[in-house]
Amino acid sequence: MTENRSLEELVEQFLEQCRSGNAPEVSAFAAAHPGHASELLNLLPLVLEMEGLNAEITRRLPHQTSEVPELPDSDYRLICRLGSGGTGVVFEALQLSLNRKVAVKLLSPLLLKDTARRGQFENEARVIAMLHHPNIVKVFGAGCSAERCYYAMEFIGGRGLDQCEFSDPREIARIGLQAVRALAYAHHCGILHRDIKPANLLLDEAREVHVSDFGLAFVLRGGGEIVEKEEARSGTLRYMSPERLAHGVNTFATDQYSLGATLYELVAKSPLLPERNPGELAKRICREPVPPLRCSAPDLAAIINKCISFRPEDRYAGMDDLAADLQHFLNHEPVCAAAPSPARRFRLWIKRKPAVAALGFAAAFCAAAFVAALAAGYLRTTAALNQAERNAAVAAATLSQVFARLAEQLPSQKNTQLLSTLLPITG
């Protein structure tokens, strides 16, 4: 019987139906398999996000294939489609009153009567409208009726980080710092994003990052926590923190973990965990610490590894501390996530103060050259004195021999007395 099938088999069956274009409703599919109903309700939305099937299913809907819908009695004219997600489609549009390009997110008509999804969509617009930061997309307006539900936002002429490649760890740190500062601002406003991933970080043409898609955001006042019910848990499985996936616990540390997983993927050019099977991936996230990142920038790796610590208390105390450490890395200063050796500190100081280091090395070289010159002069002088003493000794010995021979050749007593007087002088 179907109820005797494993959870993995049921998930695979659901995915096959989605891929074939006959996607069933999650609730209906779960109800058809009561033995795993609660697990399916929790897992299937995550599977759709991870597999990218939400967007694929949305693309297959007739109302979104080729035609661009209209927004009657609004200030916006939709031009072309930019992308789609689990709840709707994003269009490039023109704001008529100001003649400026904007992006309009339109809720899927199939979800207009879904009270929960519609409320989530409206909440996203309200949350973004509360935030005013250069690295968070701006909302310009919203509108809802029985036929349409939409909001207009800043047009970012770029792409998600999931479509970008980076070769320089410092560029990743610079981009990461922008995202961290945006999230730090959101956290200070009491907003928890809950769906940080590469696709939700948009990189514009000026290489500036913009945090987008606050569809799952919570208002979290006072730095506490929110616990989700199992059936209401949603997000992107691959970037979920262990405490959120296992227990539904949402704190500001969960955003930090998701951002750490994102930065890990950008540096390593591969996901934090390689498992593709949703069940195996979920078990791995909940039960085991992830393998530490190793790269050519050990301090950046230490920062990212701290963000993805298994226990929330082992991560940074807040986004401000994470931002400070990333800034230390960019400034060639020691980071709090790692304890560098004295040699490492010295190398960082050289990178941080190259001009001072160059002057110091030049002064040390000149001092060494001066000492070497003094030593060489001293050695030359000492050698000359020693040579002079040796020459004097040789001359004295030679002179003694000369006088001795003269004494032998002049045997008279008078000359003998004269030589005996001179010989002591030469000796």
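The values are calculated or read from the model by the stated rules, or taken from the named source; none is laboratory data. The shown structure was predicted, so the numbers you read here are calculated from the model rather than taken from an experiment. Don't worry about glycine lacking a Cβ; one is built from the backbone with ideal geometry, like all the others, and counts go over all protein chains shown.
Scanning the stretch 197-210 for residues that are surrounded by fewer than 24 Cβ atoms within 10 Å (Cβ to Cβ) and β-branched (Val, Ile, Thr) yields a count of 0. Scanning the stretch 246-283 for residues being more than 13 Å from Asn305 (Cα to Cα), assigned to a helix (DSSP H, G or I) and either at pLDDT 90 or above or polar (S, T, N, Q) (or both) gives a total of 5. All conditions but one from (1) at pLDDT below 90; (2) part of a helix (DSSP H, G or I); (3) within 24 Å of Asp325 (Cα to Cα) apply to Glu231; the one that does not is (3). What residue, among those in the stretch 187-198 that are touching a residue at least 60 places away in the same chain (Cβ under 8 Å) and either part of a helix (DSSP H, G or I) or acidic (Asp, Glu) (or both), is nearest to Asp321 (Cα to Cα)? Within the stretch 187-198, the match that is nearest to Asp321 (Cα to Cα) is His187.
Take the conditions (1) surrounded by fewer than 23 Cβ atoms within 10 Å (Cβ to Cβ); (2) touching a residue at least 60 places away in the same chain (Cβ under 8 Å); Glu171 misses just one of them, which is (2).
For Leu94, the conditions (1) in contact with a strand residue (DSSP E or B) (Cβ under 7 Å, 6 or more places away or on another chain); (2) outside any strand (DSSP E or B) all hold with the exception of (2).
Kindly indicate whether any position in the stretch 80-89 is β-branched (Val, Ile, Thr), free of Cβ contacts under 8 Å to residues at least 40 places away in the same chain and buried (at least 18 other Cβ atoms within 10 Å of the Cβ). Within the stretch 80-89, one or more residues are β-branched (Val, Ile, Thr), free of Cβ contacts under 8 Å to residues at least 40 places away in the same chain and buried (at least 18 other Cβ atoms within 10 Å of the Cβ).
If a residue has to be touching a Leu at 6+ places or on another chain (Cβ under 9 Å) and assigned to a loop (DSSP other than H, G, I, E, B) to count, how many in the stretch 156-175 make the cut? Even if it seems obvious, please write down each step before you answer.
Narrowing the stretch 156-175 to residues touching a Leu at 6+ places or on another chain (Cβ under 9 Å): 156, 158-166, 169-170, 172-175.
Those still in the list that are assigned to a loop (DSSP other than H, G, I, E, B) too: 156, 158, 164-166.
Residues flagged as touching a Leu at 6+ places or on another chain (Cβ under 9 Å) and assigned to a loop (DSSP other than H, G, I, E, B) within the stretch 156-175 amount to 5.
Just one of (1) of a type outside the set (Phe, Trp, Tyr); (2) surrounded by fewer than 19 Cβ atoms within 10 Å (Cβ to Cβ); (3) touching a residue at least 60 places away in the same chain (Cβ under 8 Å); (4) over 25 Å from Glu154 (Cβ atoms) fails for Ala253. It is (2).
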